[in-house]
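Below: one structure, written as structure tokens.
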Amino acid sequence: QYLLGAEAQWQGISWVLSGYVSQRKQLVVASADLAVAANDPNGLPYVSTGRGATTGVEAIAKLFRKHWFGWVAYSYARSTRRDGPYAPLRRFDYDQPHNIVAMGSYQRGAWLFSARFSYASGTPYTKVESATYQPANDTYVPAYGELNGERLPAQHQLDLRVERTCGV
């Protein structure tokens with residue numbers, strides 16, 4: 001894993017910018033060849049032939065004022081993997097390229113008002129293109145599209161909070 005970052009402060013705002021690369025090897029992958037021999041009690045249908053990498057950048061800004069505190073963080077990352085030496089490159093199962101979190105609070109006397117907002121890209125998934133009915137088993141056999149070729153919708157959340165501190 002490699003990381004390069006810089007930090008600065010200017011007019012009550014602190015800034016952090018980082019870039020990173022993380023490489024992985026010997027990732028566990030289900031093996032079609034060993035799946036046939038899965039009834040063997042001494043073996044499992046898995047091999048460690050996968051490789052992967054994540055590259056990304058992250059920026060964070062924090063604000064400190066008399067009654068105000070807040071920060072915002074944004075990260076962009078791409079996570080890909082290859083399940084074997086000749087397998088195609090694909091997205092990791094939990095790849096979420098965009099991630100934003102912002103938080104702010106204001107305190108006045110015994111009262112504290114705060115809010116937090118988060119947004120993240122949707123995770124990838126494999127689309128079922130069609131299915132064929134097998135009457136002998138009364139089941140459907142799916143035909144899949146590209147592995148992790150589609151992405152779920154982005155998700156976001158807003159939290160609001162009001163707090164009052166009472167004297168003892």
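The values are calculated or read from the model by the stated rules, or taken from the named source; none is laboratory data. Everything numeric in this text was worked out from a predicted model, so none of it was measured. Don't worry about glycine lacking a Cβ; one is built from the backbone with ideal geometry, like all the others, and counts go over all protein chains shown. In case anyone asks, the SASA skips ligands and DNA or RNA and just uses the protein heavy atoms, side chains included. Shrake-Rupley method; radii C 1.70, N 1.55, O 1.52, S 1.80 Å.
Condition test on TYR94, is it open to solvent by 70 Å² or more (accessible area, probe 1.4 Å), at pLDDT below 95 and more than 22 Å from GLU58 (Cβ to Cβ)?
On the way: open to solvent by 70 Å² or more (accessible area, probe 1.4 Å): yes; at pLDDT below 95: yes; more than 22 Å from GLU58 (Cβ to Cβ): no.
No: the conditions fail for TYR94.
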### Query
Considering the range 21-31 alone, what residues qualify as being touching a residue at least 24 places away in the same chain (Cβ under 8 Å) and open to solvent by 60 Å² or more (accessible area, probe 1.4 Å)?
GLN23, ARG24, LYS25, GLN26
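Right, THR80: of a type in the set (Val, Ile, Thr), closer than 22 Å to LEU152 by Cα, under 11 Å from the mean Cα position of the chain (by Cα) and open to solvent by 30 Å² or more (accessible area, probe 1.4 Å) or not?
When the stated conditions are applied, THR80 does not pass them.
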### Message
Looking at the range 40-77 only, could you name the residues that are at pLDDT 85 or above, open to solvent by 90 Å² or more (accessible area, probe 1.4 Å) and assigned to a strand (DSSP E or B)?
### Response
ARG51, PHE64, TRP68
### Top-ranked residue in the range 126-159 [being under 25 Å from GLU58 (Cα atoms) and in a strand (DSSP E or B); ranked as most open to solvent (accessible area, probe 1.4 Å)]
HIS156
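Consider the range 108-121. How many of its residues are part of a loop (DSSP other than H, G, I, E, B) and either over 30 Å from ASP83 (Cα atoms) or at pLDDT below 95 (or both)? Show your work before the answer.
Step one: of the range 108-121, the residues part of a loop (DSSP other than H, G, I, E, B) are 109-110, 121.
Still in the running and either over 30 Å from ASP83 (Cα atoms) or at pLDDT below 95 (or both): 109-110.
Residues that pass the stated criteria total 2.
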